[in-house]
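Novice: Before I ask anything, here is the structure I am working with.
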Amino acid sequence: MYLTGAEFRRSLSAGLVALLAVLGFIAVAVASLAGFGRLADAAAVLNEPYVWRILRFTLYQACLSTLISVALAIPVALAMARRPQFPGRIWIVRLMAVPLGLPVLIGALGIIGIWGRQGLFNDMLDLAALGRPLQIYGLQGILIAHVYFNLPLAARLILAGLERVPQEYFKTAAMLAMPQRSVFRLIEWPVIAPLIAGVAGLIFMLCATSFTLVLILGGGPAATTIEVAIYQALRFDFNPARAVALSGLQIVLTALVLAALAFLPRAGDPGTSASSEAGRRPDADHRLSRGFDFALIALFTLWLILPLAVIVVKGAGADLIGLLVEPVFLRATATSLAIALSAALAALAVALSFIAAIGAIRTLRAPEPFYRGSAGAMSAMGSLVLLVPPIVLGTGWFLLLRPFGLTDTAAPAIVAAINALMALPFVLRVLQPAFAVHRSRTARLAASLGLSGLARLRIVDWPGLRRPVLTALAFAMALSLGDLGAVALFGGDQLTTLPWLLYSRLGSYRTDDANGLALILGALCLVLMIAGTRAPRNAGRGQT
Amino acid sequence: MSAHHMKIAIAALAFGAAGSAHAQDGKVLTVYTYESFNTEWGPGPLVKDAFEAQCGCTVKFVGAEDGVALLNRLKLEGRTSPADIVLGLDNNLIHEAKETGLFAASGVSTENLAIPGGFDDDIFVPFDYGYFDIVYDSESIETPPTTLDDLVNGPSDEKIVIEDPRTSTPGLGMLLWMKAVYGDEAAAKWETLSKRILTVAPGWSEAYGLFTSGEAPMVLSYTTSPAYHQIAEETDRYKAADIEDGLYVQIEVAGMTEMAEDPALAKSFLEFVLTPGFQDAIPTHNWMMPVAQTSDPLPAAFQNAVMPDKTLQFAPDVVAENRQAWIDEWLNAMSAR
């Protein structure tokens, strides 16, 4: 064990405080909502065939979406990892996170621009006199959209894992003239396998709570998720008890699926080399494999970029300069960035506290049940927060603050907190594996040098962890920038964010303005990703 | 809600930040409204200026997402609500609004207004109206529907995008329209119509976005939607269908609350709603029809807008009583395909 007693206590208490804060924030909202309704309404939920029907569909489409996204992400990530140096690679990596930062409707319109009835794909087939065969509205539309948003996310997380593999492994493999099959079995798969449960869990939750995409591309109420029922309960029926009951159902059943995912392979040797710079991969120098990888990456890039290109083309038609100088735009940008930054920092703080505490508990040889339980709760929290609908959190807090006339002042803080919770699972998945590798590589050394506390942070931890921390921060900010759900609860004159402004222009027929704003939002996300994926200055990664 | 109040259908009770910043001197009138009423494109700024010029007070708008969110917010706040005026509920919400017991009699006569089908209420004052209708792209559709039967039985490759009645008011409007025309046959008609439905969008913005990007040649919107394209974009491409069965009307209303700090001031605002100072801002800022005299004649695009021979409307209490059952019926019919 490489922690001093004081360090152990500090890590543990930070984690417990963060856990209490997260649980408290959710519990307060749910309690204040539940107190508003009648218990009978909540109980009735379980007896409705309608609820069970949409629940079944919710889980079905989420399972399929997750399966396809992850299955396709693995070869993409492997190909990207094998080709660390081809031109433009870092731009593909950066673009992978851009869809996350767009309001869902905008992404959906981009997808429809390519795959829709009048989309580019059907246009081209039509030119070839093949008609317009692709019909995306229905389950296939939901799947296309979910894979569009989640395949890049999964590929990015898996790629990050592969990039932590020490170079020596691949050099050795090349010296042994190991066939690619064996490289995969002996080096790559052991790295990917433990990541799959986490990545799949995250995507599963995103798909299970998907709402706008499912409604737009699902074709009709035959394709509906439980999230729609929750919105209906709060929005139209104003039945908080029913909304809470439906959320409970959503959490319990999705948690069961996630628990099943936890049985996927875990553990794996993260390696002990100090060097983690991705260099050339001597094991992958065959011409055939290079051709295959480039083809795969090119296909993936097209898949990723085409819908974004639709957004760029549409946005270019707007009066961008005019938009940029509007005072309301500047205000909205400032608000958006402030909320995104606070949310990202909060998510980072919670994630770091969780990681520190879980790490500390893992150093115990035989942890007491309390410690084991705390570590379990922190891991579970990091997964499950996405399942609590923002509308439930927002309405609950609104109810609570209203009697004190605080809804005004507290609104930005609550929106930021909700966004932080939504970003938490992403941040954890970026940071947890990076921290695990870092610790296993440096803990012994740091302990033997007697480095601890701030000195270790400065000399050992910050240089090694700066990149994943910045990436996580950029991810969380992008996510929060595109969010509409939380801000729509409180939004209005005093709290105008960019997505809010975008929707309000759409709602006033000002489609051009909305297209321009979508382009600006996408560009902002890209800028964030550039900041979050800057190669360390002294590491010479051959990327520009 | 009128076309441009339908934003953010995925969102919920939009709680615009409530106002507590009262002016240092002079009276403040707090008006709850839907958010788009008070954007720079909306009528809010014009209305504020016009009323402030005559009342010696400050008008403070507080925005909620749309009419439904507005009512929910009021229910949440109850008697502690700082709202003096609630502006932006509609005929389908009046019943529920009255049941809250939070509204006071207006004392404003609503008898002689230019509202098709007539409107008379002692609590709510109407400020504009509009019709839900099928808006189509005249470059893709040669023979637009002239009856609902045309729509229901039309070619299945000419698609329409509608809104979901579970999450949006235009969706509910379409549901009520079909119910008003077909009654007990509505479910069967929905089942037939479902073959023509491209998709069901969560709200107006999503549906209209699909329509203008060319995915579907028809959308459920408002008779006044083409006026926007004519006036702001100078194109006649988008038209509203002239449906013989009649169109379902939406009447937007304002009311004063029991909690109004200065009831006389609130009442004078409700009187002001029916004067040109307010009505002038309606057509080209709210894209709805005014209910009373405007200073200038309406723009040609409004004068030529589709006006049905028959105005369809359920009594507010009938809507409140049957909404859930009718939505269930719709769900079943639409899922049967």
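Novice: Condition (residue is open to solvent by 40 Å² or more (accessible area, probe 1.4 Å) and either closer than 27 Å to residue A:504 by Cα or not aliphatic (A, V, I, L, M) (or both)) applied to the stretch B:216-226: is it met by at least one residue?
Specialist: No, there is no match, as no residue in the stretch B:216-226 is open to solvent by 40 Å² or more (accessible area, probe 1.4 Å) and either closer than 27 Å to residue A:504 by Cα or not aliphatic (A, V, I, L, M) (or both).
Novice: Being within 13 Å of another protein chain (Cβ to nearest Cβ) and crowded, with 22+ Cβ neighbours inside 10 Å, is that true of even one residue in the stretch A:118-128?
Specialist: Yes, some residue in the stretch A:118-128 is within 13 Å of another protein chain (Cβ to nearest Cβ) and crowded, with 22+ Cβ neighbours inside 10 Å.
Novice: Okay, moving on. Do you know which residues across the stretch B:218-252 are assigned to a strand (DSSP E or B), within 13 Å of chain A (Cβ to nearest Cβ) and more than 18 Å from residue B:175 (Cα to Cα)?
Specialist: Within the stretch B:218-252, B:238 is the sole residue that qualifies.
Novice: Inside the stretch A:114-148, can you point out the residues that are in contact with a Cys (Cβ under 9 Å, 6 or more places away or on another chain) and among the hydrophobic types (A, V, I, L, M, F, W, C)?
Specialist: If the condition is that a residue be in contact with a Cys (Cβ under 9 Å, 6 or more places away or on another chain) and among the hydrophobic types (A, V, I, L, M, F, W, C), then A:142 is the only one that fits.
Novice: Considering only residues that are touching a Pro at 6+ places or on another chain (Cβ under 8 Å) and either farther than 26 Å from residue A:39 by Cα or at the interface with another protein chain (Cβ under 9 Å from one of its Cβ atoms) (or both), look in the stretch A:205-227 and name the one that is surrounded by the fewest Cβ atoms within 10 Å (Cβ to Cβ).
Specialist: So the first thing to find is which residues in the stretch A:205-227 are touching a Pro at 6+ places or on another chain (Cβ under 8 Å), and the list is A:205, A:209, A:211-212, A:215-216, A:227.
Keeping just the survivors that are either farther than 26 Å from residue A:39 by Cα or at the interface with another protein chain (Cβ under 9 Å from one of its Cβ atoms) (or both) gives A:205, A:211-212, A:215-216.
On the way: A:205: 24, A:211: 22, A:212: 25, A:215: 32, A:216: 31.
Out of the qualifying residues, it is A:211.
Novice: Just to check your reading of the model, which residue among A:72, A:23, A:109, A:55 is assigned to a helix (DSSP H, G or I) and in contact with a Gly (Cβ under 8 Å, 6 or more places away or on another chain)?
Specialist: Numbers: A:72 fails: in contact with a Gly (Cβ under 8 Å, 6 or more places away or on another chain); A:23 fails: in contact with a Gly (Cβ under 8 Å, 6 or more places away or on another chain); A:55 fails: in contact with a Gly (Cβ under 8 Å, 6 or more places away or on another chain).
Step by step, each of A:72, A:23, A:109, A:55 is checked, and only A:109 is assigned to a helix (DSSP H, G or I) and in contact with a Gly (Cβ under 8 Å, 6 or more places away or on another chain).
Novice: Answer yes or no: is there a residue in the stretch B:257-266 that is polar (S, T, N, Q), within 30 Å of residue B:51 (Cβ to Cβ) and within 14 Å of chain A (Cβ to nearest Cβ).
Specialist: no
A quick yes/no check of all residues on (1) in contact (Cβ under 8 Å) with a residue 12 or more places away in the chain; (2) open to solvent by 10 Å² or more (accessible area, probe 1.4 Å); (3) within 7 Å of another protein chain (Cβ to nearest Cβ):
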| position | (1), (2), (3) |
| --- | --- |
| B:170 | yes, no, no |
| B:174 | yes, no, no |
| B:184 | no, yes, no |
| B:201 | yes, no, yes |
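Novice: Within the stretch A:126-138, identify whether any single residue is hydrophobic (A, V, I, L, M, F, W, C) and closer than 25 Å to residue A:478 by Cβ, and answer yes or no.
Specialist: Taking every residue of the stretch A:126-138 in turn, none turns out to be hydrophobic (A, V, I, L, M, F, W, C) and closer than 25 Å to residue A:478 by Cβ.
Novice: With the requirement that a residue be outside any helix (DSSP H, G or I) and open to solvent by 40 Å² or more (accessible area, probe 1.4 Å), what does the stretch B:260-297 give you?
Specialist: Listed by number, the residues that qualify are B:261, B:262, B:275, B:280, B:293, B:295, B:296, B:297.
Novice: What about residue B:215, is it within 13 Å of another protein chain (Cβ to nearest Cβ), touching a Gly at 6+ places or on another chain (Cβ under 7 Å), charged (D, E, K, R) and within 14 Å of residue B:160 (Cα to Cα)?
Specialist: Spelling it out, residue B:215 is indeed within 13 Å of another protein chain (Cβ to nearest Cβ), touching a Gly at 6+ places or on another chain (Cβ under 7 Å), charged (D, E, K, R) and within 14 Å of residue B:160 (Cα to Cα).
Novice: Still on this model: What residue, of A:422, A:378, is buried (at least 17 other Cβ atoms within 10 Å of the Cβ), touching a Pro at 6+ places or on another chain (Cβ under 8 Å) and modelled with pLDDT of 85 or more? Talk me through it step by step, then tell me what you get.
Specialist: On the way: A:378 fails: touching a Pro at 6+ places or on another chain (Cβ under 8 Å).
Residue meeting the stated conditions: A:422.
Novice: Same structure again: Would a scan of the stretch A:143-152 turn up a residue that is within 14 Å of chain B (Cβ to nearest Cβ), in contact (Cβ under 8 Å) with a residue 12 or more places away in the chain and not basic (Lys, Arg)?
Specialist: So far as the stretch A:143-152 goes, yes, one or more of its residues are within 14 Å of chain B (Cβ to nearest Cβ), in contact (Cβ under 8 Å) with a residue 12 or more places away in the chain and not basic (Lys, Arg).
Novice: Could you list, in sequence order, all residues of the stretch B:131-143 that are outside any loop (DSSP other than H, G, I, E, B) and either open to solvent by 10 Å² or more (accessible area, probe 1.4 Å) or not hydrophobic (A, V, I, L, M, F, W, C) (or both)? Spell out how you get there, then give the answer.
Specialist: Looking only at the stretch B:131-143, we keep the residues that are outside any loop (DSSP other than H, G, I, E, B), and these are B:131-137.
If the condition is that a residue be outside any loop (DSSP other than H, G, I, E, B) and either open to solvent by 10 Å² or more (accessible area, probe 1.4 Å) or not hydrophobic (A, V, I, L, M, F, W, C) (or both), then B:131, B:133, B:136, B:137 are the ones that fit.
Novice: Further question on the same structure: Does residue A:13 satisfy being within 14 Å of another protein chain (Cβ to nearest Cβ), under 30 Å from residue A:354 (Cα atoms), in a helix (DSSP H, G or I) and open to solvent by 20 Å² or more (accessible area, probe 1.4 Å)?
Specialist: no
The values are calculated or read from the model by the stated rules, or taken from the named source; none is laboratory data. Keep in mind the model is a prediction, meaning the values are calculated, not measured. Counting neighbours? That spans all protein chains shown, and the Cβs are built from the backbone with ideal geometry, glycine included. In case anyone asks, the SASA skips ligands and DNA or RNA and just uses the protein heavy atoms, side chains included. Shrake-Rupley method; radii C 1.70, N 1.55, O 1.52, S 1.80 Å.
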